[in-house]
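The values are calculated or read from the model by the stated rules, or taken from the named source; none is laboratory data. Note that the structure is a prediction, hence the values are computed from the model and not measured. Positions of Cβ are backbone-derived with ideal geometry, glycine not excepted, and every protein chain shown enters the neighbour counts.
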Amino acid sequence: MDINRLIARIKNIVPAAKTEWPVIAAEPGTIPELYKNYIVYVAALAPLATFIGMLLFGIHIPLLGTTHVGFGATLIRMILGYAAAALGTTFVMALIINALAPRFWRHCEACAFRTGKAHALRRYFAMSADNVMCTWISSLTAGTA
């Protein structure tokens, strides 16, 4: 994993997604490489921040105040949040894009992700990972995961 490349992608995808998509489309690699080099690290940021915040500050419940949750419950929430973010959301979104993309191809002649079926799922997976990454970063800054 190249940390500088990861930081550059995070900096570029949020404010300048239009220029970053062709870079993402041209990247070689497989779905396991995307997980190993990118998804497992970025997906861990928000659950880890939530874990630390819940331990230090607790959870604010409207009209009831702030309550502190035990270490075990907080740890389980972090693990489940990480699994849902890294495994579930990214993969399910890639499958949805894979199912819906052929319906839109006739309207998108210059689509950057319009390739043969062998490379399509990998590119849709990269696209979904980068879309979900924006959610992970925003939940990190908002303090919720």
A careful count of residues in region 1-44 that are of a type outside the set (A, V, I, L, M), closer than 14 Å to CYS134 by Cβ and surrounded by fewer than 11 Cβ atoms within 10 Å (Cβ to Cβ) gives 2
Taking first residues from region 106-134 that are over 15 Å from ILE96 (Cα atoms) and exposed (fewer than 15 other Cβ atoms within 10 Å of the Cβ) and second residues anywhere that are charged (D, E, K, R) and at pLDDT 55 or above, the pairs with Cβ under 7 Å that are 6 or more apart or on different chains are THR115/ARG123
Taking region 1-58 and keeping only residues that are acidic (Asp, Glu) and either out of contact with any Lys or Arg (no Cβ under 8 Å at 6 or more places or on another chain) or closer than 26 Å to LEU80 by Cβ (or both), one is left with ASP2, GLU27, GLU33
Note on region 47-73: residues more than 16 Å from SER139 (Cβ to Cβ), out of contact with any strand residue (DSSP E or B) (no Cβ under 7 Å at 6 or more places or on another chain) and surrounded by 14 or more Cβ atoms within 10 Å (Cβ to Cβ) are LEU55
The helices (runs of 4 or more DSSP H) lying entirely within region 26-145 that contain at least 2 residues which are of a type in the set (D, E, K, R), under 15 Å from the mean Cα position of the chain (by Cα) and modelled with pLDDT under 80 are 117-142
